[in-house]
Amino acid sequence: MGYALKLAAIVVAAVSTPSLATTTFSTNFDSLALGSGSYVIIPTIEGWTASGGDGIEVQNHAAGTPFSETNLVELDSNNNSAMSRSIEAGFYTLNFYYSARPGIAASSNGIDVLINGNSIFNITGNGAGDTVWMPQSINFNVGSASTLTFAAIGTSDSLGGYLDNINLGGAVPETASWAMLIAGFGFLGAASRRRRSVRVTYA
Ligand SMILES: [Ca+2]
Ligand SMILES: [Ca+2]
Ligand SMILES: [Ca+2]
């Protein structure tokens, strides 16, 4: 039966032909040399381009501790701003860290994630005494070249949510046919082990 499952897994893999992400990146905004306690509003950083508002605000301990190293991004620069980049067709996992800006209410701290201008995720929170970094993870897929955007939402007042360590990597698609096959065989334990091993192979 183990052999049957293995054979079935091979067949399904061939049928669904998982297309793996072709665009991957890792950005932490720390490539920019910036004095501690200062900030700048700029048009591009580490592959991101400002796509709304006055630009991408990069802070070095200006109003809160970054998740990594020296810098973080605040997208409510002088007003609600956005940053975008192009990605190829594929299945993706997007990971990033979010913090509310210290001392700022949730109504002003929102950040939206969009694909081709359509929101797929948003987050906000009430600011504490310092940053409180919360890991976020989103799976999505795009069938053709697309635009990935982070945008400030809520009150546009120069104060808003923070981002750091944004990473895009490939994900193995969870296909409907795969789920049905597992249910059909009824080997849930074996199947989930198999799925994990497939995921590792493509990671
Ligand atoms: Ca950083
Ligand atoms: Ca600002
Ligand atoms: Ca705001």
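The values are calculated or read from the model by the stated rules, or taken from the named source; none is laboratory data. Since the structure is predicted, the reported quantities are computational estimates derived from the model, not experimental observations. Backbone-built Cβ (ideal geometry, glycine too); neighbour counts: all protein chains shown. Only protein heavy atoms, including side chains, enter the accessible area calculation; ligands, DNA and RNA are left aside. Shrake-Rupley method; radii C 1.70, N 1.55, O 1.52, S 1.80 Å.
Remarks
- Positions within region 44-60 being in contact (Cβ under 8 Å) with a residue 24 or more places away in the chain and either part of a loop (DSSP other than H, G, I, E, B) or in contact with a helix residue (DSSP H, G or I) (Cβ under 7 Å, 6 or more places away or on another chain) (or both), in sequence order: G47, G53, D54, G55
- Restricting attention to region 28-43, the residues that are within 16 Å of ligand 1 (Cβ to nearest atom) and assigned to a loop (DSSP other than H, G, I, E, B) total 10.
- Residue within region 143-165 that is at pLDDT 50 or above, open to solvent by 50 Å² or more (accessible area, probe 1.4 Å), more than 16 Å from ligand 3 (Cβ to nearest atom) and under 30 Å from N79 (Cβ atoms) present: yes
- So S99, is it among the hydroxyl-bearing types (S, T, Y), more than 16 Å from ligand 1 (Cβ to nearest atom), more than 21 Å from A21 (Cβ to Cβ) and surrounded by 23 or more Cβ atoms within 10 Å (Cβ to Cβ): no
- Among the criteria (1) buried (at least 21 other Cβ atoms within 10 Å of the Cβ); (2) modelled with pLDDT of 95 or more; (3) more than 16 Å from ligand 2 (Cβ to nearest atom), the one G90 does not fulfil is (2).
- Taking the criterion of being open to solvent by 20 Å² or more (accessible area, probe 1.4 Å), more than 9 Å from ligand 1 (Cβ to nearest atom) and polar (S, T, N, Q), the only residue of region 55-73 that qualifies is T65.
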